[in-house]
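Working notes, beginning with the structure itself.
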Amino acid sequence: MSDQIRITLPDGSVREYPNGVTSLEIAMSISEGLARNVLAAKVNGTVQDATRPITTDATVTLLTWNDTEGKATFWHSSAHLLAEALEELYPGIKFGIGPPIEKGFYYDVDLNGQHFSQDDFKKVEDKMLELARQKQEFVRQPISKAEAVAYFEKKGDPYKLDLLERLDDGTITFYTQGNFTDLCRGPHIPHTGFIKAVKLMNVAGAYWRGDEKNKMLTRVYAVTFPKQKELDDYLYLLEEAKKRDHRKLGKELELFAFSEKVGAGLPLWLPKGTMLRERLENFLRKAQVRAGYQQVVTPHIGSKQLYVTSGHWEKYGEDSFKPILTPEAGEEFLLKPMNCPHHCEIYKTKPRSYRDLPLRLAEFGTVYRYEQSGELHGLTRVRGFTQDDAHIFCRPDQVKEEFIKVIDLVLYVFKSLGFDDYSAQISLRDPENKQKYIGSDELWEKAEGAIIEASAERGLRTVTELGEAAFYGPKLDFMVRDALGRKWQLGTIQVDYNLPNRFELEYTGSDNQKYRPVMIHRAPFGSMERFIAILIENSGGNFPLWLSPDQIAVLPISEKYEDYSNEVFLTLQESDIRGYVDHRDEKIGRKIRDSEINKVPFMLVLGEKEQAEGRVSVRKRGEGDIGSMTIAEFVDYFQNEIKPVAKAV
């Protein structure tokens, strides 16, 4: 064994260190300030404890709070701190699992008959901070399966014993901090002293292993931060998020509704929401026409055999709505879970030549998937939703060019709607679990290579995630950060060599031989429902002028000016300006206030002077009175306010 090892850092520099050096020691050799902030390290691509010895040449990335993996490690360690606090406060408690999540962490616990509610949050938070201040080190200990079983049998923890049954000897580790020991593969932060701010967020029920046949445990959600100010900022953003909640604003602005009689997860689009959807659809349709797409329409159901052929039944059949049986024996249909099999059948309606490709088929197609009732959430998680779907059938030599064109279309959509903070995730298959996917290694390598090359050529800021591919091919997912800093997956582009094989799609090449086309799946919005939910929350319901369901409110001061108000409104309608006349018998102050609450961009106040002079008194939402104008002047002003990209919508 060599006394020295070579460590390659992210900037490409190579340094030599004694064999057994830790990532924390590497950080210290660079900067004491850096070392104070290192939470974990990525060693040869695997995140591990910053205090764990490195015994071979390695590539090392030091992880701090600014890194996603750093935050995940921080919150994983915080889950252990929560468990330690709960065990001290509730003797006899049993533990399930405690993973980090997108914001914070949770721990599933069996309270063994003891009471726990939000009234107890403060004492748990105080105990966590008390323990954190002790700067307890997280100590990793490899342990045999027999020793691990003996430990938890003595402790009487059936959930850890259940987890151990699925683990192999030689792969098991314990982590201990203070008086708490847990079954865990890590990694963890160096010590609890990094945790300076704690907030328990919620408590809920959760079946052990997600199986309703198992015991219901108590799931405690919490979040921690390295600074109190960061927790304060986070809680402020949560309050802002409540104000912007699309479910709340959707009801107030009369955009959509849900009905128990219609069914959970099946939104009803009200007139104003329908108008909003139609404007978005028209916007994308026109962009698609310019890009050479052809619009198609397919049924809401399909023969079960269609989805057997596509592979969707095998992969998702258990999670779909049950088959629809017809009076004819043996005939079964499914509610459409995907549009792509239908588009494959459209491709097959006639022979195709290499000259016909690329063929770009687009559809605003409604699909249905049976989401569990506990996972439904407003418009972001529903059972029936409309995808702005399209499938491009092309030759292999056209894949990269077509993929780049789709990237450009997605970025055009984001720019037009004010989504400026985004990144792209290259989602590849899990090389350790290939049975989850269909298709050969050769086809997967081609598809993954095309996505990586196209993303690089367009200069996208990307991260790569293994195991996040669709079952039929890799994809590029666009992650958008909204006004509150939350990250959402919207647009997606996928390369698919497999469905053309399964549906035996063909085209005739220039040599008169038959070839398989390649299929590109794409949806810039993702789904209309989720996109609109995010648009509502990102804008707080203050939509861009071109998207607002009501762009103006004409407000007569009294009924004496109703005829003039109607005349003004009809004139504005001829200029394609949408809105309404508020004929209610209310004072003008109330009408203005209600229009502001309803987020109407412009209010036109009409009284005796306006009627006599043929003018309108204009108020702008959030700004107040902006002056008197003739109707023609207002129309010009209005058109200048609409972004050029939206004038043709």
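The values are calculated or read from the model by the stated rules, or taken from the named source; none is laboratory data. In this text, all values refer to a predicted model and were calculated from it rather than measured experimentally. Here the Cβ is made from the backbone with ideal geometry for all residues, glycine too, and neighbour counts use every protein chain on show.
A few points about this structure:
- Residue count for the range 392-420, restricted to those that are part of a loop (DSSP other than H, G, I, E, B) and touching a residue at least 12 places away in the same chain (Cβ under 8 Å): 4
- Verdict on PRO431 being crowded, with 18+ Cβ neighbours inside 10 Å, of a type outside the set (D, E, K, R) and assigned by TED's automatic domain parsing to the domain that holds ASP389: no
- Here the range 384-403 is the region considered, the condition is being charged (D, E, K, R) and touching a strand residue (DSSP E or B) at 6+ places or on another chain (Cβ under 6 Å), and the residue that is surrounded by the most Cβ atoms within 10 Å (Cβ to Cβ) is ASP389.
- If you go through the range 188-245 and keep only what is in a loop (DSSP other than H, G, I, E, B) and basic (Lys, Arg), you end up with LYS196, LYS213, LYS215, LYS227.
- The single condition from (1) over 27 Å from ILE536 (Cβ atoms); (2) of a type in the set (A, V, I, L, M); (3) part of a loop (DSSP other than H, G, I, E, B) that VAL600 fails is (1).
- Conditions (1) under 30 Å from LEU490 (Cα atoms); (2) among the polar types (S, T, N, Q); (3) buried (at least 19 other Cβ atoms within 10 Å of the Cβ): number failed by ASN542: (3)
- Which listed residue is over 15 Å from GLY186 (Cβ atoms) and buried (at least 20 other Cβ atoms within 10 Å of the Cβ), from ALA50, ALA27: ALA27
- Every condition in (1) in contact with a strand residue (DSSP E or B) (Cβ under 9 Å, 6 or more places away or on another chain); (2) in a loop (DSSP other than H, G, I, E, B); (3) aliphatic (A, V, I, L, M) holds for ALA456 except the one numbered (2).
- Single residue of ALA257, ALA264, ALA287 found to be farther than 30 Å from LEU357 by Cβ and modelled with pLDDT under 95: ALA264
- Elements of type helices (runs of 4 or more DSSP H) contained in the range 294-367, each with 2 or more residues being modelled with pLDDT under 95 and not assigned by TED's automatic domain parsing to the domain that holds GLN398: 304-310, 312-316
- Exactly one residue among VAL605, VAL600, VAL581 is within 24 Å of PHE419 (Cβ to Cβ), among the hydrophobic types (A, V, I, L, M, F, W, C) and free of Cβ contacts under 8 Å to residues at least 60 places away in the same chain, and that residue is VAL600.
- Check on GLY178, at positive phi and within 33 Å of the chain's Cα centre (by Cα): no
- Residue list for the range 361-382, filter: among the charged types (D, E, K, R) and touching an Asp or Glu at 6+ places or on another chain (Cβ under 8 Å): GLU363, ARG369, ARG381
- Tally, over the range 1-24, of residues that are under 21 Å from ARG185 (Cα atoms) and within 33 Å of the chain's Cα centre (by Cα): 1
- Filter pass, ASP389 being closer than 26 Å to VAL518 by Cβ, in a strand (DSSP E or B) and at pLDDT below 95: yes
- Of the residues making up the range 574-588, those that are assigned to a helix (DSSP H, G or I) and either of a type outside the set (A, V, I, L, M) or crowded, with 18+ Cβ neighbours inside 10 Å (or both) number 1.
- Test: residue in the range 2-15 that is touching a residue at least 12 places away in the same chain (Cβ under 8 Å), closer than 21 Å to PHE138 by Cα and either acidic (Asp, Glu) or exposed (fewer than 15 other Cβ atoms within 10 Å of the Cβ) (or both): no
- When residues of the range 286-307 are limited to those that are farther than 26 Å from PRO323 by Cα and without any contact (Cβ under 8 Å) to a residue 60 or more places away in the chain, the one surrounded by the most Cβ atoms within 10 Å (Cβ to Cβ): VAL289
- Considering the range 109-163, and only residues there that are of a type in the set (Ser, Thr, Tyr) and without any contact (Cβ under 8 Å) to a residue 60 or more places away in the chain, the residue that is surrounded by the most Cβ atoms within 10 Å (Cβ to Cβ) turns out to be TYR151.
- Residue check, ASP157 over 20 Å from ILE97 (Cβ atoms), more than 32 Å from the chain's Cα centre (by Cα) and assigned by TED's automatic domain parsing to the domain that holds PHE95: no
- Scope the range 86-100; condition farther than 14 Å from LYS160 by Cβ and buried (at least 22 other Cβ atoms within 10 Å of the Cβ); matching residues: LEU86
- Residue identified as within 25 Å of the chain's Cα centre (by Cα) and within 12 Å of VAL495 (Cβ to Cβ) among GLY467, GLY418, GLY449: GLY449
- Tabulated pairs, the range 200-216, first assigned by TED's automatic domain parsing to the domain that holds ARG166, second loosely packed, with under 13 Cβ neighbours inside 10 Å and among the small types (Gly, Ala, Ser), C-beta under 6 angstrom, 6+ apart or interchain: MET216/GLY205
- Residues that are buried (at least 18 other Cβ atoms within 10 Å of the Cβ), in a loop (DSSP other than H, G, I, E, B) and among the hydrophobic types (A, V, I, L, M, F, W, C) within the range 164-187 comprise ILE172, CYS184, listed in sequence order.
A quick yes/no check of all residues on (1) more than 16 Å from SER427 (Cα to Cα); (2) of a type in the set (Lys, Arg); (3) at pLDDT 90 or above:
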| site | (1), (2), (3) |
| --- | --- |
| TRP444 | no, no, no |
| ALA450 | no, no, no |
| GLU465 | no, no, no |
| GLU468 | no, no, no |
| GLY473 | no, no, no |
| GLY491 | no, no, no |
| ASN498 | yes, no, no |
| ASN501 | yes, no, yes |
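- Every listed requirement among (1) more than 41 Å from the chain's Cα centre (by Cα); (2) charged (D, E, K, R); (3) part of a helix (DSSP H, G or I) is met by LYS591 save one, (1).
- Across the range 505-519, a minimum of one residue is classified as crowded, with 17+ Cβ neighbours inside 10 Å and under 30 Å from GLU278 (Cα atoms).
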